[in-house]
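Computed from the coordinates by the stated procedures, all read-outs in this text should not be read as laboratory data. This is a predicted model, so every value here is computed, not measured. Positions of Cβ are backbone-derived with ideal geometry, glycine not excepted, and every protein chain shown enters the neighbour counts.
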Amino acid sequence: MNAFRILWSPRGAAETAAKSSMLIPLLILGAAATYAHYPLLLKLRPAGLAQLKLDNTPAGLTAFGVMVFLAMRWAAPFLLPAWAWLTGRVLRFYVLWVLDQKVDKTGVARLTAWGMLPLALERLLTGTVTLLCAGNCDRFNPIATNIGFFLDPTTTSPFWYEFARGLDVFGAWAVWTAGASVAQFTEEKPSRVCPAIAALWLAGLMMRSLLLD
């Protein structure tokens, strides 16, 4: 599909992606998240996965933190598509009421969903490396695409480790892809759209980090 061109040419694919089904990128995001998280979850079972997380956290996790961690793992196939959908809804509001652009609201939401596809690539890469390394890698963060990879999870504060783990090359790619395509669609500059998506992304990272701290 021409809409997949949004990965390397977001502004060139904006018109096509804005008319394409939003369901396709959301399903891809869900499938990629399943591939990244479920093999390890099913292999170690919830108790084993929670213990592995405890062993890699400086002061352990509270009972609430363990429940949140496991809930996020089980819900991973739904959380990533939900996040893409929610970002699209907020961006629609931003375009209409802040940028004062009277454009097709559905098109903005579709572009946002398609623009999040770099996150699916990150999950696919993470899942593949985790399967291939056979336990000889950090099973929660096996690829050096984020700042958290270079930190020691056993000595770093859980909040800062989780936050740093979210500062990822693929996340920045998704912000640019979604922002540049929406900017093209609304005839705005990317500098007026990308910061709004980046702010939402950072807010989501902070919320996740607080829950797991």
Practice problem: Excluding residues fewer than 8 places away in the same chain, name every one of the lysines whose C-alpha is closer than 25 Å to that of residue 189. | Solution: 19, 102, 105
Self-check item: Gaussian network model of the chain, springs between alpha carbon atoms under 10 Å - residue of 20, 191, 181 with greatest fluctuation
Solution: 191
Exercise. Would you mind telling me which residue in 71, 113, 32 has the biggest mean-square fluctuation in a Gaussian network model of the chain, where springs connect alpha carbons within a distance under 10 angstrom?
Key: 71
Self-check item: Fluctuation leader among 110, 11, 192 - the chain, Gaussian network, Cα springs under 10 angstrom
Solution: 192
Quiz item: If one computes the Cα centroid of the stretch 180-213 and of the stretch 103-147, what distance in Å separates the two points?
Solution: 16 Å
Self-check item: Assigned charges on the beta-carbon of Lys, Arg, Asp, Glu; the stretch 1-123 dipole about Cα centre (debye)
Solution: 160 debye
Quiz prompt | Extension gain, residue 144 back to residue 203 (0.36 nm per residue minus Cα-Cα distance, nm) | solution = 19.0 nm
Quiz item: For residue 163, what charge total do you get from the other residues with a beta carbon under 12 Å from its beta carbon, if Lys and Arg give +1 and Asp and Glu give -1?
Solution: -1
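Take the alpha carbon atoms of the stretch 54-213, find their radius of gyration, then divide it by 2.2 N^0.38 Å using N residues; give the quotient.
Working it through for the stretch 54-213, the quotient is 1.13.
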Quiz item: Roughly how tilted is helix 169-186, in degrees to the nearest 10 and between 0 and 90, from the longest Cα axis of the chain?
Solution: 20 degrees
Quiz item: By how many degrees, between 0 and 90 and to the nearest 10, does the Cα long axis of helix 23-55 differ from the longest principal axis of the chain?
Solution: 20 degrees
